[in-house]
Amino acid sequence: MIRFRSEKQLTIEEFRTQFEMKLQKDNRWVILAGKLPWNEMAKIYYRSLSPVMGAPAKDARLVIGALIIKHMLCLDDRETIETIRENMYIQYFLGLCEYTYKDVFDHSLFTTLRYRMGEDKFDAMTCELIKLVDESKYGQKPTKQKENNPGNESGATPEEAKNLPKNQGKLLLDATVADQMIVYPTDFGLIANSRKESERIIDVISEALNIKKPRTYRRNAHKAYLEIAKKRRKTKKEIRRAIGKQLRYLRRNIKTIHHLLDEAEGHPFPLYKRDQRIFFVIQHILEQQMTMHRNRTHSVDDRIVNIYQPYVRPIVRGKDKAQVEFGAKIGVSQVDGYARINTLSWDAYNESTDLTKQVEAYKTLKGYYPEVLIADKIYGNRANRTYLKEHGIRFCGKPLGRPIKETLSPYQKLKQKIERGIRNQIEGKFGLGKNAYELNKVRTRTAKTSESWIACIVFIMNLIKFDQDILFNLFDGWKNRIPGYIF
């Protein structure tokens with residue numbers, strides 16, 4: 001049986017719509033809109049805005065909701081605005097009172113929002129979600145200890161110390177790299193691209209000064225580049241010789257640029273801000289690459305791997321997929337399935353130094369220290385173990401020193417095995433962020449917007465967890481408050 005409808009059967013005016021119907025209450029955006037603490041998140045958003053100066057800002061629910069939609073659906077800036085314009089459920093989620101086909105704001109505003117919404121604001125929103133879940137689960141706000149006093153670690157008198165909450169909960173720690181979306185860097189390619197940028201800058205200055213372009217031998221340089229770049233198999237000797245050629249071409253071009261800038265005295269400066277920045281970067285690239293070429297090494301301090309994003313550093317991770325990753329290294333702690341970024345660094349660092357800060361952040365949020373800390377063995381150095389012992393926190397890991405035969409009961413062995421397996425949860429959180437929300441494909445161009453991008457993705461994963469938890473926690477809270485209820 002064949003059923004066919006002609007494409008020319010109906011016009012757009014004849015197509016019937018159901019916009020006059022009410023929205024369905026079981027839609028995911030309608031449900032999520034009723035769960036989120038919009039007022040608390042709005043207060044966090046408005047912290048950096050002046051109440052009396054500047055142009056009127058967009059509504060906080062509108063801009064926060066737009067960022068949630070963008071990263072939850074993995075859309076670009078333009079596609080996010082189009083999706084909002086076409087979907088009335090999403091418009092309800094953003095707090096609009098009626099459907100509109102106009103753009104809620106220009107897509108270029110996303111860049112400003114990323115500058116404004118930094119890592120600290122998304123972390124504060126995550127804390128609000130955790131507090132809301134705790135209130136719905138336990139029926140009350142978590143108790144907090146007093147501030148530390150000299151000579152008393154808990155900050156309380158001996159009588160008050162008896163009533164302080166005991167250590168509770170599990171704290172998971174780990175670190176990962178949020179890869180920047182850049183071309184995989186090689187010394188040969190980086191030097192060649194720097195040479196091309198230097199040639200472009202020479203053309204810009206020559207045009208601005210209305211003088212004849214100086215000789216740069218760009219055709220010979222490009223030909224020499226292609227001879228090696230197109231070869232499938234290159235020997236180390238060929239690569240080294242090609243790098244030396246490109247370095248000499250680049251050094252000659254930089255000298256030419258300095259000569260042209262000397263001739264520009266008395267005229268408006270011929271380079272715009274972006275070209276000035278690129279010229280500054282390629283000079284550093286030349287210096288670093290010349291040092292490595294002379295010394296026959298492949299490492300240098302603060303090595304630049306991208307002309308347009310010079311803040312990105314190579315971070316050696318030793319993973320099977322990639323030995324070196326290029327992006328921001330983030331130290332993450334996880335509490336009840338909610339992840340928080342405690343450290344975000346563009347330079348490689350030892351993640352074990354984060355432990356004290358992450359434990360204190362847990363105490364600030366919950367009001368007590370965790371009962372057990374689950375992390376890699378890199379966190380279990382002597383200084384960290386001493387700190388954990390002072391605060392009564394058990395470290396789930398093997399003891400230091402020569403392995404000894406442990407006399408554990410079957411129950412203790414099972415408990416130890418389960419706790420060490422729990423560490424996979426934070427690994428799964430990293431996998432979720434990289435596979436589902438493109439945490440390993442950060443597309444922003446500046447360090448600040450990249451940090452905001454990473455923090456927003458972590459907040460989205462917490463939002464998904466919050467959406468799953470809040471209904472069950474409300475039910476458990478009601479069940480515990482009903483006398484005689486048996487489940």
Query raised in the report: Can you pull the percent of the range 326-452's accessible area that's carbon plus sulfur, 1.4 Å probe, other chains left in place?
Result: 53 percent
Requested in this report: Straight distance only, please: which aspartates and glutamates reach the Cα of residue 429 with their own Cα at less than 14 Å, same-chain residues fewer than 8 apart left out?
Outcome: 174, 336, 438
Report summary line: Residue-normalised value, i.e. accessible area per residue, for the chain at 1.4 Å probe, in Å², stands at 61 Å²
Query raised in the report: Full extension from residue 107 to residue 468: what is 0.36 nm times the residue separation minus their Cα-Cα distance, to one decimal in nm?
Result: 126.9 nm
Query - Computed lengthening from residue 181 to residue 280, 0.36 nm per intervening residue step minus Cα-Cα distance - result: 33.4 nm
**Report entry** Above-threshold pairs, the threshold being 32 Å between Cα atoms, out of 398/448; 357/415; 35/413; 321/363; 121/434
**Finding:** 398/448; 35/413; 321/363
Report task. Would you mind calculating the gained length between residue 425 and residue 24 on full extension (0.36 nm times residue separation, minus the Cα-Cα distance), in nm to one decimal? Result -> 140.9 nm
Query raised in the report: Just for the chain, what percent of DSSP beta bridges are antiparallel, to the closest 5?
Result: 75 percent
Query raised in the report: If R0 is 56 Å, what FRET efficiency do you get for residue 441 and residue 405 from their C-beta distance, rounded to 0.05?
Result: 0.75
Requested in this report: Determine, from the Cβ-Cβ distance of residue 418 and residue 166 and an R0 of 25 Å, the FRET efficiency 1/(1 + (r/R0)^6), rounded to the nearest 0.05.
Outcome: 0.75
Query raised in the report: What number, in nm² with one decimal, is the all-direction average of the projected area of the convex hull of the alpha-carbon atoms of the chain?
Result: 41.2 nm²
Report summary line: So the FRET efficiency between residue 300 and residue 31, C-beta based with R0 = 60 Å and rounded to 0.05, is 0.70
Query raised in the report: Accessible area of residue 316, 1.4 Å probe, to the nearest 10 Å²?
Result: 110 Å²
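The values are calculated or read from the model by the stated rules, or taken from the named source; none is laboratory data. Values in this document were obtained by computation on a predicted structure and should not be read as measured data. All Cβ positions, glycine included, derive from the backbone under ideal geometry; neighbour counts span all protein chains shown. The area values use the complete protein model at the heavy-atom level, side chains included, leaving out ligands, DNA and RNA. Shrake-Rupley method; radii C 1.70, N 1.55, O 1.52, S 1.80 Å.
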